[in-house]
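The values are calculated or read from the model by the stated rules, or taken from the named source; none is laboratory data. A quick note: this is a predicted structure, and the numbers were derived from the prediction, not measured. Cβ: placed from backbone, ideal geometry, glycine included. Neighbour counts: every protein chain shown.
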């Protein structure tokens, strides 16, 4: 299954890439919305998105756009936003779940297993 990760921090993107290296899943990493948009035509089974791309709310706008376009697969916010109100904003934007940075690898594994098995 194809997984799209929209993340502007190469360290965070590399962590997910290393985790998925030996899995049957294919990971495509986009550094911004412009890079991510063409990958959507490949119909990823799961989208991970940093909600604060380039220190703006670009991730929120991206998720909202995905949902408006009819994307029905899970969208996971991977974000440093940790206050309850911030997490609620992620869900209101259209995210299925919120994974707060920094996270443990078992938390990432739990989210991946929940939506990809």
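Looking at 75, 49, 6, which is the one that is in contact with a helix residue (DSSP H, G or I) (Cβ under 6 Å, 6 or more places away or on another chain) and free of Cβ contacts under 8 Å to residues at least 40 places away in the same chain?
Selected residue: 75, the only one of 75, 49, 6 that is in contact with a helix residue (DSSP H, G or I) (Cβ under 6 Å, 6 or more places away or on another chain) and free of Cβ contacts under 8 Å to residues at least 40 places away in the same chain.
If you take the residues in segment 28-46 that are surrounded by 19 or more Cβ atoms within 10 Å (Cβ to Cβ) and in contact with a helix residue (DSSP H, G or I) (Cβ under 6 Å, 6 or more places away or on another chain), which one is nearest to residue 97 (Cα to Cα)?
Ranking the candidates gives 46 first.
Answer with yes or no whether residue 53 is crowded, with 17+ Cβ neighbours inside 10 Å and modelled with pLDDT of 95 or more.
no
Could you please find all residues in segment 89-114 being assigned to a helix (DSSP H, G or I) and farther than 19 Å from residue 56 by Cβ?
91, 105, 106, 107, 108, 109, 110, 111, 112, 113, 114
Take residue 95 and decide whether it is out of contact with any helix residue (DSSP H, G or I) (no Cβ under 7 Å at 6 or more places or on another chain), crowded, with 19+ Cβ neighbours inside 10 Å, over 20 Å from residue 21 (Cα atoms) and in contact (Cβ under 8 Å) with a residue 12 or more places away in the chain.
no
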